[in-house]
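Okay, so here's the structure we're looking at.
Coordinate-derived values only; no laboratory data. Since this is a predicted model, take the numbers as computed values, not measurements. Here the Cβ positions follow ideal geometry from the backbone for every residue, glycine too, while neighbour counts run over all protein chains shown.
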Amino acid sequence: MDDEPPVLHKAPPLDPAWLQHEWEANLLAPKPAMDPLVRQEVYATQCRERNSAMIAPGARDHRLAQGIKTQSAHVSSTLGGYDIPMLQYDRDPETEPTWVAIYYHGGGLLVGEADSEDLSCRRIVKDSEAFLPGLRLYSIGYRLQPVYSATTIVQDCVDAFDFVSKSHPGAKVLVVGSSSGGQLAALVTQQASKTSFHGVVLRCPVTSDAFSGREYVPARLHDLHTSAWNRSFDTSLLGFMKRDQPRDGLERMPLEARVESLKEMPRTWIQVCTNDVLYSDGTCYAMVLRHAGVEVKTDVVWGWPHTFWLKAPHLPRAFEADTAMLEGMAWVAGSTN
């Protein structure tokens, strides 16, 4: 784990193993236009198929299908009483958890469901027993754009956090977020009482809307936030992110947080990929947290694109990135220094 990730003015070369996968999977082919709601269905199906293949009998991660119980749950939204879906993962569902993880999936606030990052959720539950005994994980199926606003999405995530944390008053709570789920995890924990959770884990988080203009990045970070404005960071997985309106209509993004909302934040671990337009979002958020006195560690994945472990989980480097995440969670939990 790194304490200070470097400022990159140009992306390094992509790893040959990724280039080989990119060619084999035809990821550079033009992506067809698709109705947003159809795209949500297609994405959810693709995720289920990919995750199922990884845990099928004979597959590398078949063990993640064993010894884990899942069940559907929901929490009522404070906005209209909507039932927010949750997927609950347990080693032992009959035992009250001593640790709880709240997981927010990625997808640009446009795609993804509670089971879309099933493999990551299973790995966390399966492989954390040594440092997170009695863990229960809730993956949150928040509502999506374009039908619902980003404000509604954030409130869904706040409501889920409040429900889960209050349902388990004796448990220590970790908040985990991937990509735009990292944005949601950051916004939720900035608002929450800092005594209501034990730590934060962010993987390639969205923390700014730099793509809408430099004015959406704090001025003191302009020289440090480089990846959104240099096209060498574009890849087949993620390029320039154009929103219909700045910040998707939110008042502020995590990188623009007031210092008082960061004070006394517990340990935070952030994973970033160097070949990612969001690289600087993660590294700059680490800087902002440190400036506020927060303990932060980072993991820099060199030569690989945005959350590649979700699209190519079979690759050895994806497994290594997941292993680093588990090490980060152990540090956040206080099991390592």
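Pairs of Lys residues in the chain, spaced 8 or more positions apart or belonging to different chains, with C-alpha separations under 18 angstrom: 8 in total. Taking other Cβ atoms within 10 Å as a rough exposure proxy, 284, 273 sort from fewest to most as 284, 273.
As a proxy for reagent exposure, 196, 179 were ordered by neighbouring Cβ count within 10 angstrom, fewest first; the result is 196, 179.
Under a model in which nothing but the beta-carbon of Lys, Arg (+1) and Asp, Glu (-1) is charged, the chain shows a dipole of about 160 debye around its Cα centre.
Label-point separation (nm) for residue 53 and residue 214, each offset 7 Å from Cα along Cα-to-Cβ? Label at residue 53, label at residue 214, 4.4 nm between them.
In nm, to one decimal, how far is the residue 251 label point from the residue 295 one, both placed 7 Å along Cα→Cβ? Rounded to a tenth, the inter-label distance reads 3.1 nm. When the chain is treated as a GNM with alpha-carbon contacts under 10 Å, the residue of 158, 147, 217 showing the greatest mean-square fluctuation is 147. Using a simple spin-label model with pseudo-atoms 7 Å out from Cα toward Cβ, residue 243 and residue 74 lie 2.9 nm apart. The peptide list 241-253, 22-34, put in order of mean Cβ contacts within 10 Å with the highest first, becomes 241-253, 22-34.
With Rg and the Kirkwood Rh both taken from Cα atoms, where does Rg over Rh land for the chain?
Working: Rg = 18.5 Å, Rh = 19.9 Å.
A ratio of 0.93.
If R0 is 30 Å, the Cβ-Cβ spacing of residue 63 and residue 95 corresponds to a FRET efficiency of close to 0.90. Between 12, 26, 80, whose Cα lies farthest towards the positive end of the dipole of the chain when Lys and Arg beta carbons carry +1 and Asp and Glu beta carbons carry -1, centred on the Cα centre? In the chain, that residue is 12.
How many percent of DSSP beta bridges within the chain run antiparallel, rounded to 5? Of all bridge pairs located within the chain, approximately 35 percent are antiparallel. When the charge dipole of the chain is built from unit charges on Cβ atoms (+1 for Lys and Arg, -1 for Asp and Glu) and taken about the Cα centre, the candidate among 158, 93, 43 whose Cα reaches farthest toward its positive end is 158.
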